[in-house]
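Here's the structure, in structure tokens; my notes come after.
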Amino acid sequence: MIALDGNAIAGDLLEVFGVDLTAATCECAVCGASGFLAEAVVYTRGPGHVARCRACGEPLMVLVTVRGITCVDLRGIAALAAGPARSAL
Amino acid sequence: MERTAIRRRLTWQLARVVEGVTETARTTSIVLAAADWQGHLAGQHVDVRLTAEDGYQAQRSYSIASAPEDEHLAITVQRLDDGEVSPYLTALRPGDELELRGPIGGYFVWEERLGGPLLLVAGGAGVVPLRAMLRHHRAIASDVPVRLLYSARTRSDLIYRAELSEYETTITLTDEEPEEWNGRTGRIDSDFLAETAWAPAERPLVYVCGPTGFVEAVADALVALGHGADRVRTERFGPT
């Protein structure tokens, strides 16, 4: 399966959280590596979307949408810091 | 529309097709009129949703091909014959409608305050969001130096070829060496980047977009050449 990156789940995350998270800094709960969520390794062709840490490969985030409701599992993330505010649209 | 402190919730909206522009045999730009469109930044994308009569839905992301300053929103779609969404999109006619939501993404965007020099590296259809950046750069008459490196399989796969010739563009073909070709051939590798990119000491801000393998090869080569990983922004796409 082809791996994409965090940009591919930006729309679902924006719908759930109301802010862009691709420019947020995300710390892996397993290895402690920190990076932009846009740089996470993302698989979108399963029943849900899985974002994995680019350093260690462990899951950071799982998103599953069923009947219009998106469930987000963030247990793989130790800390998430929104990036600097973008110029408002 | 008046700016407000509270961001509107991201919702699906209907957009009407204004026209389709044939870019290559396999790619079409779809120019859209979306009544509720709130504007975008160069490099952002939209999600497009199709609903079949039986209620089945398919959703894909497409980079925005137009500059924020352009009159209409445009996406460029590469048709995959066995694709679920792209054959439908490339067959749309003026007046047809489709559902989209956006703009989406705050990472793979370029605004003038981010500076440069601005190095854009495209693999195939990865040129689409970078074209939006080039158009934006020109629309605001930016002084930031900008350069595009663009890799395509063959000459007939080149999207926006005439328009891109107006910028400082280096094109390379990976699967063809045509006669009367004054561009380059071969992949964008370390030697290619050492020759055509700004030196790491000049700290270019780099945007790399293309298929996953292309993006990872280019990003790794840039870092190996001494470019800071924090100066390299990437966006990977897969078949749609």
By how many degrees, 0 to 90 and rounded to 10, does the Cα axis of helix B:127-139 deviate from the longest principal axis of chain B?
90
In chain A, which cysteines lack any other cysteine Cβ under 4.7 Å from their own?
A:CYS26, A:CYS71
Quick one: compute the contact order of chain B, relative version, from alpha carbon pairs under 8 angstrom and 6+ residues apart, as a percent.
19
Inter-probe distance in nm under a simple model that places probes 7 Å from Cα toward Cβ, at A:ALA79 and B:ARG138:
4.4
Compute the distance in nm between two label points, each set 7 Å from the Cα along the Cα-to-Cβ direction, one at B:THR11 and one at B:SER165.
4.6
List B:TRP110, B:TRP198 from most exposed to least, where exposure is judged by having the fewest other Cβ atoms within 10 Å.
B:TRP198, B:TRP110
State, as an integer percentage, the relative contact order of region B:101-240 based on alpha-carbon contacts under 8 Å between residues 6 or more apart.
28
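Could you list B:ARG60, B:ARG26, B:ARG93, B:ARG187 so that the one with the fewest beta carbons within 10 Å of its beta carbon is first and the one with the most is last? Intermediate results must be reported in sequence, preceding the final value.
Working: B:ARG60 22, B:ARG26 17, B:ARG93 8, B:ARG187 14.
If I rank by nearby Cβ atoms, fewest first, I get B:ARG93, B:ARG187, B:ARG26, B:ARG60.
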Rounded, prolate or oblate: pick one for region B:146-240, where a ≥ b ≥ c are the square roots of the eigenvalues of its C-alpha gyration tensor, a/c under 1.5 means rounded, and failing that, prolate if a/b is larger than b/c, else oblate.
prolate
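Compute, for the protein assembly as shown, the length of the dipole vector about the Cα centre, with Cβ point charges of +1 (Lys, Arg) and -1 (Asp, Glu) only. Units Debye, rounded to 20. The partial results should precede the final answer.
Working: 31 positive and 44 negative charges, 160 e Å.
Taking the Cα centre of the protein assembly as shown as origin, the dipole is about 760 debye.
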Dipole of the protein assembly as shown (Lys/Arg Cβ +1, Asp/Glu Cβ -1, origin at the Cα centre): which of B:LEU205, A:VAL66, B:SER151 lies farthest to the positive side?
A:VAL66
Please order B:TYR88, B:TYR56, B:TYR107 by the number of other Cβ within 10 Å, starting at the fewest.
B:TYR56, B:TYR88, B:TYR107
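Need one value for B:192-199: mean number of C-beta atoms belonging to other chains within 10 Å of its residues' C-beta atoms.
Average per residue, whole number: 0.
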With everything on Cα atoms, drop me the angle between helix B:212-224 and the longest principal axis of chain B, reported from 0 to 90° to the nearest 10.
40
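Where a number appears in this text, it was derived from the coordinates with a stated rule and is not lab data. Remember, predicted model here, so these are calculated numbers, not experimental data. Ideal geometry is used to build each Cβ from the backbone, glycine not excepted, and the neighbour counts take in all protein chains shown.
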